[in-house]
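The structure appears right after this line, and notes come after that.
The values are calculated or read from the model by the stated rules, or taken from the named source; none is laboratory data. These figures come from a predicted structure and were not determined experimentally. Cβ sites come from the backbone with ideal geometry, for glycine too, and all protein chains shown count toward neighbours. Just so you know, the surface numbers come from the protein's heavy atoms only, side chains and all, with ligands and any DNA or RNA stripped out. Shrake-Rupley method; radii C 1.70, N 1.55, O 1.52, S 1.80 Å.
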Amino acid sequence: PSYLITMTDRANPGRNRQCSVSVKGGHVFWMLGNRDVGSPKLSLAQGQAKALEFLSQRDYPGMKCVAREEFLNIGNYTCVALRNQVVYYPEMLKVQVALDNGEVMCTDATAFLTFNDPNAPSISQAFIPKSRILRLLNPKFKPDTIKLAQVLDEMFNKVLCYEVNGAQGQDRFLIYYNATTGKEEKIRRIDRNGNEIL
């Protein structure tokens with residue numbers, strides 16, 4: 001359950017914001033602002049720094065930007081939790097930053113608030129070695145990095161995986177192998193900014 005709140009800027013009545021705040025705990029699920037965004041004065045990377053700073057100031061420390069894109073002079077950033085070198089994809093936040101002045105226009109913390117468990121034990125190690133994962137790869141696939149990541153399976157269960165970031169020809173992929181069984185859980189084709197290509 002949540003409250004839907006609409007706020008108006010008294011100095012600028014044409015501008016308002018809406019947000020959804022949980023009844024329990026007072027967490028902001030999402031926030032949406034409206035205004036015309038002028039020509040960009042910030043780069044996509046500078047907007048990313050603004051997004052991460054915004055999250056850090058609101059008790060979302062240790063977030064990592066995994067995808068970004070620009071649309072209509074707004075930087076769209078997908079950020080996930082990073083703890084002990086493990087990337088937690090279910091704990092995702094989305095932030096939109098106006099690239100004309102760095103204002104945060106919109107946020108969506110629904111996934112983070114749904115899947116974050118502050119009492120969950122830390123993941124300390126995987127159960128199979130990286131060398132076994134390397135043997136599972138297609139010989140034509142060239143891996144760049146392999147790291148631990150938590151993802152959701154088709155039933156929305158959290159699964160610890162090895163995330164293999166690499167390329168085959170001109171195409172870049174993220175491949176997720178179950179860190180316990182070695183089973184391929186999912187594969188995502190991405191662009192150079194980490195956005196999934198469908």
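Does ARG68 count as touching a helix residue (DSSP H, G or I) at 6+ places or on another chain (Cβ under 7 Å), touching a residue at least 60 places away in the same chain (Cβ under 8 Å) and basic (Lys, Arg)? Judged against the criteria, ARG68 is a match. Applying the condition of being within 17 Å of GLU103 (Cβ to Cβ) and in a strand (DSSP E or B) to region 1-22 and asking which residue is least open to solvent (accessible area, probe 1.4 Å) yields CYS19. Residue by residue through region 78-98, note down the ones that are open to solvent by 50 Å² or more (accessible area, probe 1.4 Å) and either at negative phi or modelled with pLDDT of 95 or more (or both). LEU82, ARG83, MET92, LYS94, GLN96, listed by residue number. Against the list (1) modelled with pLDDT under 95; (2) in contact with a Pro (Cβ under 9 Å, 6 or more places away or on another chain); (3) under 28 Å from LEU4 (Cα atoms), the condition VAL37 fails is (2). The numbered conditions (1) open to solvent by 60 Å² or more (accessible area, probe 1.4 Å); (2) in contact (Cβ under 8 Å) with a residue 12 or more places away in the chain; (3) among the small types (Gly, Ala, Ser) are all true for GLY25 except (2).
Within region 143-165, identify whether any single residue is touching a Gly at 6+ places or on another chain (Cβ under 9 Å), of a type in the set (Lys, Arg) and not in a loop (DSSP other than H, G, I, E, B), and answer yes or no. The answer is no, given that none of the residues of region 143-165 is touching a Gly at 6+ places or on another chain (Cβ under 9 Å), of a type in the set (Lys, Arg) and not in a loop (DSSP other than H, G, I, E, B).
For region 162-183, residues that are buried (at least 21 other Cβ atoms within 10 Å of the Cβ) and of a type in the set (Val, Ile, Thr) total 2. Scanning region 41-77 for residues that are among the basic types (Lys, Arg) and closer than 15 Å to CYS106 by Cβ, we see that the one that is least open to solvent (accessible area, probe 1.4 Å) is ARG68.
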